[in-house]
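For reference, the structure is listed below as structure tokens.
The values are calculated or read from the model by the stated rules, or taken from the named source; none is laboratory data. If you're wondering where the values come from, they're calculated on a predicted model, not measured in any experiment. Positions of Cβ are backbone-derived with ideal geometry, glycine not excepted, and every protein chain shown enters the neighbour counts. Quick note on the areas: whole protein, heavy atoms, side chains included, nothing else; ligands and nucleic acids left out. Shrake-Rupley method; radii C 1.70, N 1.55, O 1.52, S 1.80 Å.
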Amino acid sequence: MGKEDIRSEVRIKFSRDKSYFGKGTVMLLEEIEKCGNVRTACENCGFSYSKGWTILRRCEGGLGYKVVERQQGGKEGGKAEVTEAGRKLMNIYKELLDETSDYAERRFREMMEDNGLSLKGE
């Protein structure tokens, strides 16, 4: 069985003094959009409930505005909705990641070829 080609990998994080928005934040926000509930979104992402809240608090603290509107619930549980700003930020993140990843992969392949190195994991 052959190995896949070697590839570059790009990670994007938004930050000030500390990172506050990245892959995990986007994943959590996408799940909140799907299910409308922070607890279920955390479960679907494989995050503990407290980790999910830490991600949201860090994100909103770094940005200075809300990315999720929450409504406390009783027996039925609370409801949550990603704000317009949250959706815009997710789109910016995804577009930046796609563009940066595409460039990095093209440049990586050029550099490997220019240096006579194989992209095959042999």
Any idea which residue in the range 78-92 is surrounded by the fewest Cβ atoms within 10 Å (Cβ to Cβ), counting only those that are closer than 16 Å to residue 34 by Cβ and more than 15 Å from the chain's Cα centre (by Cα)? 78
Can you name the residue in the range 83-122 that is of a type in the set (Gly, Ala, Ser) and in a loop (DSSP other than H, G, I, E, B) and, of all such residues, is modelled with the highest pLDDT? 116
Scan 39, 70 and give me the residue that is over 16 Å from the mean Cα position of the chain (by Cα), assigned to a helix (DSSP H, G or I) and at pLDDT below 95. 39
Given the conditions (1) open to solvent by less than 90 Å² (accessible area, probe 1.4 Å); (2) modelled with pLDDT of 95 or more; (3) under 30 Å from residue 109 (Cβ atoms), which single one is not true for residue 2? (2)
Can you confirm whether the range 51-64 contains a residue that is in contact with a helix residue (DSSP H, G or I) (Cβ under 8 Å, 6 or more places away or on another chain), open to solvent by less than 30 Å² (accessible area, probe 1.4 Å) and either closer than 23 Å to residue 4 by Cβ or not hydrophobic (A, V, I, L, M, F, W, C) (or both)? yes
Do we find a residue being exposed (fewer than 15 other Cβ atoms within 10 Å of the Cβ) and within 30 Å of residue 119 (Cβ to Cβ) anywhere in the range 13-21? yes
Residue pairs, Cβ under 7 Å, 6 or more apart or interchain, first in the range 104-118 and surrounded by 11 or more Cβ atoms within 10 Å (Cβ to Cβ), second of a type outside the set (Ser, Thr, Tyr). List them. 104/10; 105/7; 109/119; 112/119
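Run down 64, 46, 22 and say which single residue is at negative phi and of a type outside the set (Lys, Arg).
22
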